[in-house]
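Below is one structure, written out as structure tokens; comments come after it.
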Amino acid sequence: MTEKIDAAVIKLIQDVNEMTLKRMNEPYHVAEKTNYNDLVTTVDKENERFIDQQLEIIDPGCRILSEEGFGTHNLTSLSGHVWIVDPIDGTLNFVRQHDNFGIMLALYVDGQPTLGYIMDCVNRRLYHGSRGQGVYVNEKRSEPPVSLDLHHGLVAISSPLILSNVHNLPAVAQAASGLRMYGSAAKEMIGVLSGELVAYISHLRPWDLAAGRVLAEELGLVVKSIDGTTPDVLSSNLVLVATTQASEDIAKITG
Ligand code: 2AM
Ligand code: CA
Ligand code: CA
Ligand code: CA
């Protein structure tokens, strides 16, 4: 049943990506949400409205949780089909840098991570997959990344976290080959999925984690809260996505 939905959502996210790339070079309005580095543009809102409308046609009766608030329901439970939508991830990069932003969609069925989509917009690279059916980059099947250890790999830690010096995270960065910050959960998730990073640590809201979690778990990567518990789909979590080996190395440092 999800095959038909999957094909339609692949087309949807590709179409929204083309609209986004076109809109990036046209005038749009930028507003501050909570402060000077928390932005929303008219493109985020246009994308979200279009995605939510289309999902209601593709998957009638579904419920939607989307960042900018057009979602059809104020969700308190995960029963049935729940879509989690980030219409532009890395809005600050979209506005200032014109690279390193993405679009993320995920379907959870009765709370189970089921379908995941991460579009690397500028590179037109769509990571998508479903539980039990593998992960693809556009049409090509993606192999699980090698379980490199922390010492031999690059790690991404979000800038607010590394600057706040919590959980011994600067020591994690020091133990790795190098520290990277892309400013987009979508791009950092893709980094771990593709083996470019061995770990990604960030404070993530539902739409930052939902799609990456489906894909990372399908590739046998570790997805957990920094305290070792399973992340709650409907709230913010301080999350680690990593190879098994890097996850063990990091746990020894964060305690
Ligand atoms: P966004 O662009 O969809 O808001 C770097 O800013 C990354 O952190 C992006 O993936 C961004 O997603 C996300 N982000 C921005 N503000 C955040 C916040 N207050 N809490 C958690 N993640 C945030
Ligand atoms: Ca935002
Ligand atoms: Ca986001
Ligand atoms: Ca966003």
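Brief remarks on what is shown
- Put simply, of ASP99, ASP89 the only residue that is over 23 Å from THR2 (Cα atoms), free of Cβ contacts under 8 Å to residues at least 60 places away in the same chain and within 16 Å of the chain's Cα centre (by Cα) is ASP99.
- Of residues in the range 208-222 being touching a Leu at 6+ places or on another chain (Cβ under 9 Å) and assigned to a loop (DSSP other than H, G, I, E, B), the one farthest from ligand 3 (Cβ to nearest atom): LEU219
- With respect to being charged (D, E, K, R), in contact with a Lys or Arg (Cβ under 6 Å, 6 or more places away or on another chain) and either within 13 Å of ligand 4 (Cβ to nearest atom) or not assigned by TED's automatic domain parsing to the domain that holds TYR108 (or both), GLU48 falls outside the description.
- Only one entry in HIS73, HIS98 is at pLDDT below 95 and in the same structural domain as VAL16 (by TED's automatic domain parsing), namely HIS73.
- Scanning the range 93-109 for residues that are within 16 Å of ligand 2 (Cβ to nearest atom), closer than 14 Å to GLU67 by Cβ and among the aliphatic types (A, V, I, L, M) turns up ILE103, MET104, LEU105.
- Among the candidates ALA186, ALA156, ALA176, the residue that is at pLDDT 95 or above, crowded, with 18+ Cβ neighbours inside 10 Å and more than 16 Å from ligand 1 (Cβ to nearest atom) is uniquely ALA176.
- Scan of the range 63-81 for residues that are in contact (Cβ under 8 Å) with a residue 24 or more places away in the chain and more than 16 Å from ligand 3 (Cβ to nearest atom), ordered by number: LEU75, THR76, LEU78, SER79, GLY80, HIS81
The values are calculated or read from the model by the stated rules, or taken from the named source; none is laboratory data. Because the structure is predicted, anything quoted here is derived from the model rather than measured. All Cβ positions, glycine included, derive from the backbone under ideal geometry; neighbour counts span all protein chains shown.
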